[in-house]
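K.L.:
Please read through the structure below; I'll follow up with questions.
The values are calculated or read from the model by the stated rules, or taken from the named source; none is laboratory data. These numbers come from a predicted model, not from an experiment. Cβ sites come from the backbone with ideal geometry, for glycine too, and all protein chains shown count toward neighbours.
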């Protein structure tokens, strides 16, 4: 299973487009995170309102249901760009060079075709809800905004897959072992070393902050 990956960059047109598109993906992921944060506040307010005033939020279940699409799909292209999707690397991890990039290109193309089909189907669901005025059960919230999120997220994912296929084709032509704009899976030793370095850096930062706090307390004049 893909546990961690890195994406290389250079000054090529592909890499510049990849970095620019990544800004959009990060923005959408941030928007999805904000929705999750708002949902947490909504849940806390609902629980406290029910407990303290016997007044839960009207239509709480409806709001939660509508937020699910934002939480599940807004960051899907971001995850694909970083190689955070779930897949089996037992066989692929043993491949090298052009053979690896050919296999990656085939699997990415298959994913691209599947996502195009899902995009079309999800758009039909949105269109049906928008035209018919479909709404939630309790407080009649319109459901088309949540259904519109899915084809939009899938469309962005399709563009990400196109960029990655471009990267794999470029790698096949050039015969390079380190292509840009595609997730390169790291081995377990590299992942462990990077995580250890992150933990060590966090410990050093905490020690520095603690030392500054102690120095500040020592410098305060006695009253």
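K.L.:
Out of 73, 78, 112, report the one residue that is closer than 27 Å to residue 147 by Cβ, crowded, with 16+ Cβ neighbours inside 10 Å, in contact with a helix residue (DSSP H, G or I) (Cβ under 9 Å, 6 or more places away or on another chain) and touching a residue at least 60 places away in the same chain (Cβ under 8 Å).
P.N.:
Among 73, 78, 112, only 73 is closer than 27 Å to residue 147 by Cβ, crowded, with 16+ Cβ neighbours inside 10 Å, in contact with a helix residue (DSSP H, G or I) (Cβ under 9 Å, 6 or more places away or on another chain) and touching a residue at least 60 places away in the same chain (Cβ under 8 Å).
K.L.:
Against the definition (surrounded by 14 or more Cβ atoms within 10 Å (Cβ to Cβ), part of a loop (DSSP other than H, G, I, E, B) and either in contact (Cβ under 8 Å) with a residue 24 or more places away in the chain or in contact with a helix residue (DSSP H, G or I) (Cβ under 9 Å, 6 or more places away or on another chain) (or both)), how does residue 176 come out, yes or no? Please lay out each step first, then the result.
P.N.:
Working: surrounded by 14 or more Cβ atoms within 10 Å (Cβ to Cβ): yes; part of a loop (DSSP other than H, G, I, E, B): yes; either in contact (Cβ under 8 Å) with a residue 24 or more places away in the chain or in contact with a helix residue (DSSP H, G or I) (Cβ under 9 Å, 6 or more places away or on another chain) (or both): yes.
In short, yes.
K.L.:
Show the residue pairs that are 6+ apart or on different chains and have beta-carbon atoms under 7 Å apart, the first residue being within region 181-208 and within 21 Å of residue 101 (Cα to Cα), the second being at pLDDT below 75 and surrounded by 12 or more Cβ atoms within 10 Å (Cβ to Cβ).
P.N.:
Close Cβ pairs (under 7 Å, with a partner that is at pLDDT below 75 and surrounded by 12 or more Cβ atoms within 10 Å (Cβ to Cβ)) amount to 183/5; 184/5; 185/2; 185/5; 185/89; 186/4; 186/5.
K.L.:
For the list (1) in contact (Cβ under 8 Å) with a residue 40 or more places away in the chain; (2) out of contact with any helix residue (DSSP H, G or I) (no Cβ under 7 Å at 6 or more places or on another chain); (3) farther than 26 Å from residue 136 by Cβ, I need the number of the one condition that residue 19 fails.
P.N.:
Here residue 19 clears every test but (1).
K.L.:
Exactly one of (1) closer than 21 Å to residue 21 by Cβ; (2) at pLDDT below 90; (3) in a helix (DSSP H, G or I) is unmet by residue 189. Its number?
P.N.:
Tallying (1) closer than 21 Å to residue 21 by Cβ; (2) at pLDDT below 90; (3) in a helix (DSSP H, G or I), residue 189 fails exactly one: (1).
K.L.:
Is at least one residue of region 33-55 exposed (fewer than 13 other Cβ atoms within 10 Å of the Cβ) and touching a residue at least 40 places away in the same chain (Cβ under 8 Å)?
P.N.:
no
K.L.:
On to the next question. If I ask for residues that are surrounded by 12 or more Cβ atoms within 10 Å (Cβ to Cβ) and part of a helix (DSSP H, G or I), which ones from region 8-26 would you list?
P.N.:
14, 15, 16, 17, 18, 19, 21, 22, 24, 25, 26
K.L.:
Then there's this: For region 120-134, does any single residue satisfy the condition of being closer than 21 Å to residue 79 by Cα, in contact (Cβ under 8 Å) with a residue 60 or more places away in the chain, in a helix (DSSP H, G or I) and in contact with a helix residue (DSSP H, G or I) (Cβ under 8 Å, 6 or more places away or on another chain)?
P.N.:
Filtering region 120-134 down to residues closer than 21 Å to residue 79 by Cα leaves 122.
Okay, now just the ones that are also in contact (Cβ under 8 Å) with a residue 60 or more places away in the chain, so none.
No, region 120-134 has no match at all.
K.L.:
I'm checking my understanding of the structure. Among residues of region 43-59 that are over 17 Å from residue 145 (Cα atoms) and either outside any helix (DSSP H, G or I) or touching a helix residue (DSSP H, G or I) at 6+ places or on another chain (Cβ under 6 Å) (or both), which one is modelled with the highest pLDDT? Let's see the steps before the verdict.
P.N.:
Filtering region 43-59 for residues over 17 Å from residue 145 (Cα atoms) gives 43-58.
Add one more test, that the residue is either outside any helix (DSSP H, G or I) or touching a helix residue (DSSP H, G or I) at 6+ places or on another chain (Cβ under 6 Å) (or both), and what stays is 46, 54-58.
Values: 46: 94, 54: 89, 55: 88, 56: 89, 57: 91, 58: 90.
Filtering first and then ranking leaves 46.
K.L.:
Can I ask one more? Find the residue count for region 93-108, including only residues that are in a helix (DSSP H, G or I) and either surrounded by 15 or more Cβ atoms within 10 Å (Cβ to Cβ) or in contact (Cβ under 8 Å) with a residue 60 or more places away in the chain (or both). I'd like the intermediate steps shown before the answer.
P.N.:
To start, the set of residues in region 93-108 that are in a helix (DSSP H, G or I) comprises 93-94, 97-108.
Now restrict to residues that are either surrounded by 15 or more Cβ atoms within 10 Å (Cβ to Cβ) or in contact (Cβ under 8 Å) with a residue 60 or more places away in the chain (or both): 93, 97-98, 100-102, 104-105, 108.
Adding up the residues that qualify gives 9.
K.L.:
What number of residues within region 135-162 satisfy the criterion of being assigned to a helix (DSSP H, G or I), more than 30 Å from residue 182 (Cβ to Cβ), in contact with a helix residue (DSSP H, G or I) (Cβ under 6 Å, 6 or more places away or on another chain) and touching a residue at least 24 places away in the same chain (Cβ under 8 Å)? Break it down into steps so the answer makes sense when it comes.
P.N.:
Residues of region 135-162 that are assigned to a helix (DSSP H, G or I), as a first pass: 144-162.
Next, only the ones that are more than 30 Å from residue 182 (Cβ to Cβ) stay: 144-147.
Restricting the remaining residues to those that are in contact with a helix residue (DSSP H, G or I) (Cβ under 6 Å, 6 or more places away or on another chain) gives 144, 146-147.
Checking the rest, the ones that are also touching a residue at least 24 places away in the same chain (Cβ under 8 Å) come to 146-147.
Matching residues across region 135-162 total 2.
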